[in-house]
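Visitor: Dropping a structure here in structure tokens format, bear with me for questions.
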Amino acid sequence: MSIAEDDVKVAALDNEVKVVCIACGREHPPKEANDACLNCGSLLEVRHPLEALRGTINRDWLEKRRQERKFPNGSGVWRWRELVAPIPDEALVSRNEGNTNLYEDGRLAKYVGLASGALWLKHEGENPTGSFKDRGMTVGVSHANWVGAKYVACASSGNTSSSLAGYAARVGLQALTFVPAGKVALGKLSQTFAYGAKTIQIDGSFDLALDLVRAVSKAAGVYLVNSINPFRLEGQKTIIFEALDQLDWQTPDWIVVPGGNLGNTSAFGKALYELRELGFIGPKLPRIATIQAEGSAPFYDYFRKGFKDFQAVPPETIATAIRIGNPVNLPKAQRALEWTDGIVESVTDTEIMEAKSQLDRSGIGGEPAAAATLAGIRKLTAAGVIQPGAGVIGILTGHILKDSDSIIEYHSNPNNPGANAPIKVKATLEDVLKVLGL
Ligand code: F0G
């Protein structure tokens, strides 16, 4: 079949994409802004007609798609649009997000206890606004644009708000962002208001900000783009599509990701499920390991208790991106771990910052939440949960420059391993040579 024939066949299936409640099964029209089931209030998800797509959406299709240069196929999200969302091209708001590097690094593999060549780091900090959020945001903001929203809103620990603000600015929508006062890294906070978002600082945690923005959204008909928005997670699935494509569909044993609101964990489970249904990968799925910061680890506690008796916690951690005590995607994340025989681990702030200094020194770099991935892999290999011979994809969720406050704090303490603070010296050749030991 030619590309055009394929496109016509696949486009017809857009009408069969459904937005469905994961608890009661009620269907909601895709061209409607709902952040919860209108019947029972549970989470919604986008369902694609996988059976009908099987046979058409395959590796040959992907090769042909790669050769099509027209908008929006350059995007690492919209390249997969049949598995993302049936939004018309005219409504799309895209900055060619995705297409991020998958790094191999022998030193970091050694640091975490894996064989050289067995660790791949997918750097989602290389997205346009510096975090993985852009993959979800291009879909959320495009959907908002399609349904005719005027205002788009989110609660955020800083990356969602930066991403929303950037994408909203591209299309001229007004962004409203709600952030916990004093608990957002300055790079993210300033990025958010620089892009033009109205930025409301809440005296309370991310969780409280999310409750509040949900109430605002309901009261004022404002479009919500937190990860309860089912369209956002469809974009985030493409992290896995792209990573496995980069590995030529050789699946690793583990996929390791930091967990806060658990959108990625949920999206990754769905991505793996769909790839198996479509025949891109074999029956055995990689296992997902979600890493939480010890002071913000309600999902870890819940996992340890066999998914019984969930308790929200008052969150604390230096990795402010994942300073979340009551993750909204809990049922979807639990399902993702059940599908993939996944696990949850927790790491201390000290482990996170030491892993971050290694990550940064490798030249790859990342913000503290991204380094939680590396700290988690290290802990899991030390415990023998991840076997030394295993292949692991680690997801780096945000860019090194997002949180320079934490870098300065770490390197200002000479007792920290690898501390490398700038040196102040009198501007004479003699003094400079002396300080450099030359
Ligand atoms: N890593 C980074 C850098 C993040 O910004 C976030 C979430 C996570 C990991 C956790 O991802 O929620 O899918 O489990 N940041 C959100 C925000 C909450 O508002 O920027 P998750």
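Visitor: Taking the residues in the range 130-183 that are away from the ligand (no atom under 15 Å from the Cβ) and polar (S, T, N, Q) as candidates, determine which candidate is farthest from residue 101 (Cα to Cα).
Guide: Once the filter is applied, the top-ranked residue is 174.
Visitor: Here's another thing I want to ask about it. Among (1) touching a residue at least 24 places away in the same chain (Cβ under 8 Å); (2) in contact with a helix residue (DSSP H, G or I) (Cβ under 8 Å, 6 or more places away or on another chain); (3) within 16 Å of the ligand (Cβ to nearest atom), there is one condition residue 310 misses while meeting the rest; what is its number?
Guide: Status for residue 310: all satisfied but (1).
Visitor: Also, I was wondering about something else. Looking only at the range 51-89, how many residues end up being outside any loop (DSSP other than H, G, I, E, B) and open to solvent by 30 Å² or more (accessible area, probe 1.4 Å)?
Guide: Quick first cut of the range 51-89, residues outside any loop (DSSP other than H, G, I, E, B) only: 51-53, 59-67, 78-83, 89.
From the residues that got through so far, the ones that are open to solvent by 30 Å² or more (accessible area, probe 1.4 Å) too are 51-52, 59-60, 63-64, 66-67, 79, 81, 89.
Final tally of qualifying residues: 11.
Visitor: If I go through the range 24-50 residue by residue, how many of them are open to solvent by 70 Å² or more (accessible area, probe 1.4 Å), within 26 Å of residue 275 (Cβ to Cβ) and touching a residue at least 40 places away in the same chain (Cβ under 8 Å)? Talk me through it step by step, then tell me what you get.
Guide: Our first condition is that a residue be open to solvent by 70 Å² or more (accessible area, probe 1.4 Å); within the range 24-50, this holds for 26-27, 31-32, 38-39, 47.
Now narrow it down to the ones that are within 26 Å of residue 275 (Cβ to Cβ): 27, 47.
After this cut, where a residue has to be touching a residue at least 40 places away in the same chain (Cβ under 8 Å) as well, the list is none.
Matching residues across the range 24-50 total 0.
Visitor: Condition check: buried (at least 24 other Cβ atoms within 10 Å of the Cβ) and over 17 Å from residue 185 (Cβ atoms). Does residue 377 satisfy that?
Guide: Numbers: buried (at least 24 other Cβ atoms within 10 Å of the Cβ): yes; over 17 Å from residue 185 (Cβ atoms): yes.
In short, yes.
Visitor: So, one more: For the structure I just gave you, tell me whether residue 226 is within 13 Å of the chain's Cα centre (by Cα) and over 26 Å from residue 112 (Cα atoms).
Guide: Working: within 13 Å of the chain's Cα centre (by Cα): yes; over 26 Å from residue 112 (Cα atoms): yes.
It is true that residue 226 is within 13 Å of the chain's Cα centre (by Cα) and over 26 Å from residue 112 (Cα atoms).
Visitor: Also: Kindly indicate the residue of the range 318-335 that is away from the ligand (no atom under 11 Å from the Cβ) and not hydrophobic (A, V, I, L, M, F, W, C) and also surrounded by the fewest Cβ atoms within 10 Å (Cβ to Cβ) among those meeting that condition.
Guide: Taking the range 318-335 first, the residues away from the ligand (no atom under 11 Å from the Cβ) are 318, 325-326, 331, 334-335.
Cutting the leftovers down to not hydrophobic (A, V, I, L, M, F, W, C) gives us 325-326, 331, 334-335.
Values: 325: 19, 326: 19, 331: 16, 334: 21, 335: 18.
Step by step, filter the range 318-335, then rank; the result is 331.
Visitor: Moving on. Tell me, which residue of the range 248-290 that is more than 16 Å from the ligand (Cβ to nearest atom) and of a type in the set (Lys, Arg) is most open to solvent (accessible area, probe 1.4 Å)?
Guide: Only one residue fits best here, namely 284.
Visitor: Residue by residue through the range 138-175, note down the ones that are open to solvent by less than 30 Å² (accessible area, probe 1.4 Å), without any contact (Cβ under 8 Å) to a residue 60 or more places away in the chain and not small (Gly, Ala, Ser).
Guide: 173
Visitor: Under 8 Å by Cβ, and 6 or more places apart or on different chains, what pairs join a residue from the range 112-131 that is over 9 Å from residue 396 (Cα atoms) with one that is open to solvent by 10 Å² or more (accessible area, probe 1.4 Å) and at pLDDT below 95?
Guide: Filtered contacts from the range 112-131: 113/388; 114/388; 115/388; 115/389; 118/389.
Visitor: With the checklist (1) in contact with a helix residue (DSSP H, G or I) (Cβ under 7 Å, 6 or more places away or on another chain); (2) within 16 Å of residue 83 (Cα to Cα); (3) crowded, with 21+ Cβ neighbours inside 10 Å in hand, flag the one item residue 230 doesn't pass.
Guide: Result: residue 230 fails condition (1) only.
The values are calculated or read from the model by the stated rules, or taken from the named source; none is laboratory data. Not measured: the values here are computed from a predicted model. A quick note on method: Cβ atoms are made from the backbone with ideal geometry, for glycine too, and the neighbour counts reach across all protein chains shown. Just the protein is used for accessible areas: all its heavy atoms, side chains included, with ligands, DNA and RNA removed. Shrake-Rupley method; radii C 1.70, N 1.55, O 1.52, S 1.80 Å.
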